[in-house]
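Notes to accompany the following structure.
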Amino acid sequence: MVDLVKPNLPELESATGRPLSTIGDVVAAARDLVDAGVGTVLASMGADGLIGLCPDGVRWARVRTAPVVNTTGAGDKALAGFLSACSTTVLKSFNGTPDVTVREPDATFRLGHYRGVAHTVQGEATKMNAINTALITGGAQGIGAKAAHTLASRGWRIIVADLNEGSAKDLADELDRNYPVGSAHLGFGVDVADEVSVEGLHATVAGETAQIDGLVNCAGNILRQPAEELDIAQWRRLLDIHLTGSMLMAKTFYPMLKAARGSIVNVGSVGSTFGLPGRTAYATAKTGMLGLTRTLAVEWGRHGIRVNAVAPGYVNTEMVRSGLRNGTLNETALIGRTPLGRLAEPEEIASVIAFLLSPDASFIHGELIKIDGGLTIDGTFS
């Protein structure tokens, strides 16, 4: 098997039995090897644009550019500049240090360690051995953290965004140790309810990656007060975090989601479908997220952006445990009302989020997926 991820010219010449003096020779040889089933992956860029080969020998495309770009020493940021000149949209970036540089009068081509390439050719997105990037708000704890772990374990690059920046960075470091990918997992602080903070996050993320393949809006808090005693300032803050924050994130990262034909998962609640006494603001915000999900799905589906929501029941997280401790929630009553007879574990919610972001859910759009152990379908009275 000839390694085309880290190719060297003598090996390619030996495998093909002919001299390779130009980039055209190299690309043609690599394509022949892939088609013959004895090569792995090649990617290069130069005057003809970005060229990629897959092991199945099928996904082959050129993305032509106007200017010629010298890519010597290129990294993700240099590649982003290169791609900005493309007449069609190139979605994925590369990483690692190229092992071979082939020079021609018009351009420099770098053949090296590319973890993945995705590109849009004549309107169709084709991903080749790509590393997807997921941005998760509220990602440093609870369901968000489990979603980060689950996606990272499946090869995603994770950007953890949380009000607690230290915890976000700690989780990113943990993911790097346990699930390394070509580019490091990242952790950033953000207040999703603050437009300036979200814009700052966007500017930082845009410096690290050209696209967002998945956005998980999981940031949230809880307020437990009877409606007649509700503190309106706290009401506004909660709605700003859950509902306005989800809209701000979707709106701000829309261009990066559109470029990747990405997917959004909003984390709702059983409170999206029935009333929660003593949690008026929370239930209102979560119900609003369902309307947001459906409306964005209608507006953005034409751009290839899928938008869905999950509605967890009572999950074994700190938010639920705090309610059990202060008496707002009764564990016996909750389990008694749940046909499966237990609380959910965060991993069970995370796996559904990962499914909705995956190609397996490619025609699921504008839906609310309940993950509540049957809580909302049980009409038993006792």
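Only the coordinates and a few stated rules stand behind these numbers; no lab work does. As the structure is a computational prediction, the values presented were derived from the model and not from experiment.
In 5 Å bins starting at zero, report the fraction of Cα pairs in region 133-377 per bin as a rounded %.
So the P(r) values, bin by bin, are 1, 7, 14, 19, 21, 17, 12, 6, 3, 0, 0.
Where a ≥ b ≥ c are the square roots of the eigenvalues of the C-alpha gyration tensor, would you call region 301-382 rounded, which needs a/c under 1.5, or, failing that, prolate if a/b is larger than b/c, or oblate? Kindly include the intermediate steps, with their values, before the conclusion.
Details: a/c = 2.87, a/b = 2.02, b/c = 1.42.
The shape class here is prolate.
Students often get this wrong, so check it: of 169/286; 251/286; 286/370; 251/370, which have C-alpha atoms separated by over 21 Å?
169/286; 251/370
Compute the relative contact order of region 133-377 as a whole-number percentage, counting only Cα pairs closer than 8 Å that sit 6 or more residues apart in sequence.
Computed over region 133-377, the figure is 19 percent.
Could you tell me the center-to-center distance, by alpha carbons, between region 314-344 and region 139-209 in angstrom?
Each part's Cα centre sits 28 Å from the other's.
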